[in-house]
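Structure first, then comments.
The values are calculated or read from the model by the stated rules, or taken from the named source; none is laboratory data. None of these values were measured; they are calculated from a predicted model. Heads up, the Cβs are rebuilt from the backbone with ideal geometry, glycines too, and the neighbour counts pull from every protein chain shown. Side chains are part of the model used for accessible areas, which takes the heavy atoms of the whole protein and leaves out ligands, DNA and RNA. Shrake-Rupley method; radii C 1.70, N 1.55, O 1.52, S 1.80 Å.
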Amino acid sequence: MGSHLFAELARRTLDDARHEVEVYGQEIPEYRFVEQDGRRRAEALDYAVWLRRRTLDLAPEGIPLAQEDLDHIASMGASRARTGMSAASRRRVLGLHTNLMLREIQEASGPENTDELMRVMVWFTTQGTRGIDAYTRGHAAEQKRRLPFVARVRALTTALLADDSLAPGLARAVGMSPAASYEVVVVRVAGRPAPTAGGREAIVEALLTHHRMPIAWPRAEELVALVPAGQDRAPDTPRPAHDRPAHDRSARDRALAFVRDAGEAVARPCAVGTSTGRVRALADAYARARRISLAAPLQPVPRRPHTLADVFVELAVAEDRDIDGWLSGMARTLARGPELLTTLETYYAHDMHRRNTAAALNIHPRTLDYRLQRVRRLTDVDPGSARGVRILSTVVARAASGAWTA
């Protein structure tokens with residue numbers, strides 16, 4: 001090959017391939033079949049050797065992987081799916097493979113191999129992406145034949161929330177067009193015991209029949225949906241026929257429809273938080289939506305998702321134990337009165353309009369006045385003053401979120 005770098009890589013091919021298979025078995029529990037199954041271990045080793053030899057055949061001249069190469073890579077992804085390897089383990093395999101190959105190239109190169117090193121790195125960067133896509137395609141296609149639709153959508157949702165670069169391929173595998181950004185909706189479900197795993201899967205399956213979007217139940221108390229953010233779709237991505245009726249609906253309208261259906265399906269009090277983020281930055285949006293859901297009020301039937309603007313005060317209070325403790329003490333004081341917390345919640349929900357508040361509570365306005373006076377006597381805070389709104393509306397919001405009942 002006329003190059004020390006490529007000659008050294010060729011000399012080390014078998015040892016490097018053996019090391020790769022060993023690392024997979026050590027690092028990935030689902031790959032440990034190679035320790036018990038001689039045939040599959042041989043298959044894994046043959047593939048690791050083949051991939052390195054193809055790299056050495058093509059990289060020196062910058063020749064791209066042929067279609068038959070990509071098909072062979074895809075067949076290996078399918079083979080791994082047949083062993084039961086999950087999408088998470090597949091991501092781990094691909095990540096380890098990339099790191100190991102880069103390390104091998106670096107270790108084999110010397111100061112005199114700068115040109116060859118740059119050549120192989122450029123080739124590996126472009127063709128490695130094509131190989132990863134092919135492996136993912138084969139794995140996802142085999143999973144499609146073996147896994148229920150709900151499980152495949154869960155894998156897609158998990159990949160998007162983890163900012164995994166393989167998410168677009170998983171989206172296409174379940175017939176969903178990738179979007180450039182999503183509104184992350186987190187539905188926090190109250191009550192014990194939480195729905196069973198089977199119950200959660202049945203709810204997700206039912207929701208998917210009406211809301212064709214990434215949905216998963218990653219925690220016992222948490223349902224998550226990713227609503228494509230309006231027209232902000234991945235470039236040059238055709239819209240599937242089943243998605244066209246929702247074309248004119250905004251992401252917020254679709255999120256609202258999902259929240260209502262989810263609340264009815266769960267049939268428990270829920271609190272909903274939402275935050276929008278771009279693909280490859282959804283982990284931050286997810287974390288923010290989760291925090292919002294923890295501060296949002298629990299409602300028997302959730303009416304709408306809450307945003308950061310709705311609960312920023314409550315989030316700040318939750319971070320300060322002294323302030324939160326002071327407000328929770330005030331809530332305990334108000335709990336001694338006749339429906340005082342409920343009265344204040346309704347009072348602020350109706351912008352402190354006496355007659356509308358009394359009508360909503362189905363009480364006489366004078367009874368409302370008595371309750372507000374009772375609040376003033378117990379707390380030394382006037383509910384209708386600016387100070388009262390700041391303090392007591394926060395007490396009401398924190399109490400409604402269930403933060404002080406856990």
- Per the filter on segment 146-161, residues closer than 13 Å to SER86 by Cβ, open to solvent by 10 Å² or more (accessible area, probe 1.4 Å) and not β-branched (Val, Ile, Thr) are ARG146, LEU147, ALA151, ARG152, ARG154, ALA155
- Would you check which residues across segment 326-373 are among the hydrophobic types (A, V, I, L, M, F, W, C), in contact with a Leu (Cβ under 7 Å, 6 or more places away or on another chain) and not in a helix (DSSP H, G or I) and list them? ALA335
- From the set of residues in segment 89-145 that are among the charged types (D, E, K, R) and surrounded by fewer than 13 Cβ atoms within 10 Å (Cβ to Cβ), which is nearest to PRO64 (Cα to Cα)? ASP115
- Would segment 390-398 turn up any residue that is surrounded by 15 or more Cβ atoms within 10 Å (Cβ to Cβ) and outside any helix (DSSP H, G or I)? no
- Message: Looking only at segment 258-312, filter to residues that are touching a Cys at 6+ places or on another chain (Cβ under 9 Å) and of a type outside the set (A, V, I, L, M, F, W, C); which one of those is most open to solvent (accessible area, probe 1.4 Å)?
- Response: PRO300
- Query: Does segment 296-330 hold any residues that are among the acidic types (Asp, Glu) and within 14 Å of SER393 (Cα to Cα), and which are they?
  - Reply: ASP310, GLU314, ASP324
- Note on the structure: Checking ALA316, ALA281, ALA287, ALA265 in turn, the sole residue that is farther than 27 Å from LEU170 by Cα and of a type in the set (A, V, I, L, M, F, W, C) turns out to be ALA316
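Quick grid of which residues meet (1) without any contact (Cβ under 8 Å) to a residue 60 or more places away in the chain; (2) of a type in the set (A, V, I, L, M, F, W, C); (3) under 20 Å from ALA155 (Cβ atoms):
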{"residue": "HIS4", "(1), (2), (3)": "no, no, no"}
{"residue": "VAL21", "(1), (2), (3)": "yes, yes, no"}
{"residue": "TYR31", "(1), (2), (3)": "no, no, yes"}
{"residue": "VAL49", "(1), (2), (3)": "yes, yes, no"}
- When (1) in contact with a Pro (Cβ under 9 Å, 6 or more places away or on another chain); (2) acidic (Asp, Glu); (3) under 27 Å from ALA162 (Cβ atoms) are applied to GLU104, the one that fails is (1)
- Please identify the pairs in which a residue from segment 77-92 that is in contact (Cβ under 8 Å) with a residue 40 or more places away in the chain has its Cβ atom under 6 Å from the Cβ atom of a residue that is open to solvent by 40 Å² or more (accessible area, probe 1.4 Å), counting only partners at least 6 apart or on another chain. MET85/GLU30; SER89/GLU30
- Task: Could you list, in sequence order, all residues of segment 67-85 that are modelled with pLDDT under 85 and either surrounded by 18 or more Cβ atoms within 10 Å (Cβ to Cβ) or part of a helix (DSSP H, G or I) (or both)?
- Result: ARG82, MET85
- Query: Quick one: which of THR13, THR98 is under 18 Å from GLY128 (Cα atoms), within 36 Å of the chain's Cα centre (by Cα) and of a type outside the set (Asp, Glu)?
  - Reply: THR98
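To keep it simple, each residue is scored yes or no on (1) under 22 Å from THR158 (Cβ atoms); (2) modelled with pLDDT under 90.
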residue	(1), (2)
LEU226	yes, no
PRO238	no, yes
ARG244	no, yes
SER250	no, yes
ALA255	yes, no
THR274	yes, no
ALA287	yes, no
ALA309	no, no
- Which residue, of GLY198, GLY191, is of a type outside the set (S, T, N, Q), modelled with pLDDT under 90 and farther than 19 Å from ALA296 by Cα? GLY198
- Subset of segment 31-51 (residues that are open to solvent by less than 10 Å² (accessible area, probe 1.4 Å) and within 17 Å of THR13 (Cβ to Cβ)): ALA44, ALA48
- Scanning for something surrounded by 15 or more Cβ atoms within 10 Å (Cβ to Cβ), modelled with pLDDT of 90 or more, small (Gly, Ala, Ser) and touching a Ser or Thr at 6+ places or on another chain (Cβ under 8 Å), does segment 167-174 turn up at least one residue? no
- Query: Of the residues in segment 380-389, how many are buried (at least 19 other Cβ atoms within 10 Å of the Cβ) and in a helix (DSSP H, G or I)?
  - Reply: 1
